[in-house]
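Written below as C-alpha cells is the structure these notes are about.
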Amino acid sequence: MATAPELLGGSPDAMRAMRDADVPEVVAIERSSYQFPWSEGIFRDCLRVGYTCRVATLGQQVAGYAVMSVGAGEAHILNLCVAEAFRCQGLGARLLTLLVERAAAAGMKEAFLEVRPSNTAAIRLYLAHGFEQVGMRRGYYQAVAGREDAAVLRLGLRASRSRSG
Ligand SMILES: CC(C)(COP(=O)(O)OP(=O)(O)OC[C@H]1O[C@@H](n2cnc3c(N)ncnc32)[C@H](O)[C@@H]1OP(=O)(O)O)[C@@H](O)C(=O)NCCC(=O)NCCS
C-alpha cells in the first residue's frame, strides 16, 4: 500500500486530465462517496463537452477527481471528490487549488459552487480557500427525506499566469 507522502510527493502524473478510461474508477469512487451519485453518463458528457475534468492519481489508481465548467467570466465547480481511503491527506485541497488556478488562468473573474449545508468537511475546505457563502438554493438537492437546500459559495479570482494542471 502506498503511503501519503508517495501520493502527495508529486509524481509526474499525480494530477492530470481525466480520460474516458478513468470513468469506471471515478464512478466507483462517486458511488461510494455520495448518496445520490452522478451517473457514468454524466461524467462522459462532462468530458465530451470539454469541461475541466482532472484526476489525482496514485500510480495507475485514481484517488480523487474534480470537474469544473468555465465560461462568461465564471467558473462553476461541479464536483470534487476524494476516495475515502485517501481523505484528510491534503488531496481535496490540492484539487481545489488546481481548479481555482485553472479558472484564474482562463480569465474567469469568479468561481461558484453549491454544497449541502450538512457537508461540514467540504464547507471547511471551501471556506479555508477563501470561498464565502453568497446565497442558498432552496430544495436544490435530492435527499432521503424530500429535498435539501444548497449553500451557494463564491470566490473572487484574480488574473493568474499559472499553467498548472
Ligand atoms: C470534501 C473532500 C473532497 C475533502 O477532501 P480531503 O482530501 O479529505 O480534504 P483535505 O485533506 O485536503 O482537507 C482540506 C481541508 O478540508 C477540511 N476537511 C477535510 N476533511 C474534513 C473533515 N472530515 N472534517 C472537517 N474538516 C475537514 C479541513 O478544513 C481541511 O483542512 P485542515 O486539514 O487544515 O483542517 C472529501 O471529504 C470528499 O471527497 N467528500 C465526499 C465528496 C464531497 O462531499 N465532495 C464535496 C461536494 S460539494
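Every number here is computed from the coordinates shown, using simple stated rules; none is lab data. No experiment lies behind these values; they were computed from the predicted model shown. A quick note on method: Cβ atoms are made from the backbone with ideal geometry, for glycine too, and the neighbour counts reach across all protein chains shown.
Quick check: convex hull over the Cα atoms of the chain, volume per residue in Å³, rounded to an integer?
117 Å³
Could you calculate the contour length gain from Asp20 to Glu40, that is, 0.36 nm times the residue separation minus the distance between their Cα atoms, to one decimal place in nm?
On the way: separation 20, 0.36 × 20 = 7.20 nm, distance 1.02 nm.
Full extension of this stretch gives 6.2 nm more.
Given a Förster radius of 45 Å and the C-beta distance between Gln61 and Arg138 as r, what FRET efficiency does 1/(1 + (r/R0)^6) yield to the nearest 0.05?
In this case the efficiency is close to 0.70.
Once amide H atoms are placed 1.01 Å from N in the peptide plane, what residues at a sequence separation of 5 or more from Gly64, or on another chain, have their amide H within under 5 Å of its amide H?
Close amide H contacts, sequence-distant or interchain: Ala56, Ala83.
When DSSP assigns beta bridges and you keep just the ones with both residues in the chain, what percent turn out antiparallel, to the nearest 5? Mind showing how you got there, number by number?
Numbers: 32 of 36 bridges.
Looking only at bridges with both residues in the chain, the antiparallel portion is about 90 percent.
Could you point to the residue in Ala72, Ile123, Tyr141 farthest towards the positive end of region 62-165's charge dipole, with +1 and -1 charges on the Cβ of Lys/Arg and Asp/Glu respectively?
Ala72
Could I have the simple spin-label model distance between Arg31 and Val49, label points 7 Å from Cα toward Cβ, reported in nm to one decimal?
Spacing of the two 7 Å Cα→Cβ label points: 2.4 nm.
Let me know the shape class of region 22-79, please: from the alpha-carbon gyration tensor, a ≥ b ≥ c as square roots of the eigenvalues, rounded when a/c is under 1.5, otherwise prolate if a/b is greater than b/c, or oblate.
Values: a/c = 1.89, a/b = 1.49, b/c = 1.27.
Judged from the Cα gyration tensor, region 22-79 comes out prolate (a/c at least 1.5, a/b above b/c).
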